[in-house]
Amino acid sequence: MSVSIKSAKEIDLMSTAGKYLEEVHDAMAEIIAPGISTWDIDKYGEEKIRALGCVPNFLNYSGYPASICVSVNDEVIHGIPSKKKILHEGDIVSLDAGLIYKGYHSDAARTYAVGEISPEVQQLIDVTRQSFFEGLKYALPGNHLHQISAAIGAYAESFGYGVVRDFVGHGIGTHLHEDPEIPNFAAVGRGILLRPGMTLAVEPMINMGTWEIEILDDGWTVVTADGEYAAHYENTILITDGDPKILTLSSY
Ligand code: MF3
Ligand code: CO
């Protein structure tokens, strides 16, 4: 396994890729409302990516047929957009998006409420987001990767939630998926030593109930095995000499 260290020039390009993806997410967030289809979200997101002069990196990745993964309620990740899938009040929707800018990838995901949702489901969304930030506290040079993983998992599990084990985060750069794999739970061994210049996509996938998942017959859509809600939160981050930078969240 080899984990790439990005040069200053590469970090510059990845920062721009990240900033553009944040813009795409912010735009998509604006249109989330009862009545729109998951296909509408995909088309809107793809248009935004292309308008920025970038290329959607999910489209045709291993045959994935869209630019944005749109996952509703018990769908954890990789939901396939469809004109027939309409968002309703009370749903939650996870948008996972990525783009390529001058050869460099960014990747980020957010989960949103559609209209009013119950406090219990809002807590799942909030805890999933916060679990990312709990992990981020350990994204420091000289630490080991699985410190991030363990912190994410421990936080989510303290609420009784199930932490998805079959899908993990990843390194990112000139490819969408680079080494290392980044589990969201206490993994075997310490994991790699974190060093400045590493760029990582950290992406907790957290279920209200069991951690177990199933894959639908479409070959993509990952759903919770018990039909309970699931949330997803992801950013592309940079390990620095000091605190990490979140490339896909400029407000941080
Ligand atoms: N954020 C997801 C990931 O990191 C997106 C990949 S989905 C695919 O793997 F459509 F591109 F396959
Ligand atoms: Co990812």
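The values are calculated or read from the model by the stated rules, or taken from the named source; none is laboratory data. These numbers come from a predicted model, not from an experiment. Because the Cβ atoms are built from the backbone with ideal geometry, glycine has one as well, and the counts that use them run over all protein chains shown. Each accessible area value is taken on the protein alone, full model and side chains, heavy atoms only, with ligands, DNA and RNA left out. Shrake-Rupley method; radii C 1.70, N 1.55, O 1.52, S 1.80 Å.
Scoring residue 206 on the criteria (1) β-branched (Val, Ile, Thr); (2) in a loop (DSSP other than H, G, I, E, B); (3) surrounded by 15 or more Cβ atoms within 10 Å (Cβ to Cβ) leaves a single failure, condition (2). Taking the criterion of being assigned to a loop (DSSP other than H, G, I, E, B) and surrounded by 18 or more Cβ atoms within 10 Å (Cβ to Cβ), the residues of the stretch 127-139 that qualify are 138, 139.
Applying the criterion of being part of a loop (DSSP other than H, G, I, E, B), more than 9 Å from ligand 1 (Cβ to nearest atom) and without any contact (Cβ under 8 Å) to a residue 60 or more places away in the chain to the residues of the stretch 30-66, the residue that is least open to solvent (accessible area, probe 1.4 Å) is 54.
Within the stretch 134-156, residues that are in contact (Cβ under 8 Å) with a residue 60 or more places away in the chain have Cβ atoms under 9 Å from residues that are among the aromatic types (Phe, Trp, Tyr) and surrounded by fewer than 18 Cβ atoms within 10 Å (Cβ to Cβ) in these pairs: 136/252, counting only partners at least 6 apart in sequence or on another chain. Within the bounds of the stretch 72-79, is there any residue that is open to solvent by 20 Å² or more (accessible area, probe 1.4 Å), more than 15 Å from residue 176 (Cβ to Cβ), more than 16 Å from ligand 2 (Cβ to nearest atom) and at pLDDT 95 or above? Yes: one or more hits. In the condition set (1) under 24 Å from residue 237 (Cα atoms); (2) within 16 Å of ligand 1 (Cβ to nearest atom); (3) of a type outside the set (A, V, I, L, M, F, W, C), residue 75 is compliant with all but (1). Annotation: of all residues in the stretch 80-100 being open to solvent by 40 Å² or more (accessible area, probe 1.4 Å) and assigned to a strand (DSSP E or B), the one that is nearest to ligand 2 (Cβ to nearest atom) is 100. I'd like to verify a number: residues in the stretch 107-124 that are under 18 Å from the mean Cα position of the chain (by Cα), in a helix (DSSP H, G or I) and closer than 17 Å to residue 34 by Cβ, how many? Summing the residues that are under 18 Å from the mean Cα position of the chain (by Cα), in a helix (DSSP H, G or I) and closer than 17 Å to residue 34 by Cβ in the stretch 107-124 gives 1.
Per the listing 142, 219, 160, 173, the residue uniquely assigned to a loop (DSSP other than H, G, I, E, B) and within 25 Å of residue 103 (Cα to Cα) is 173.
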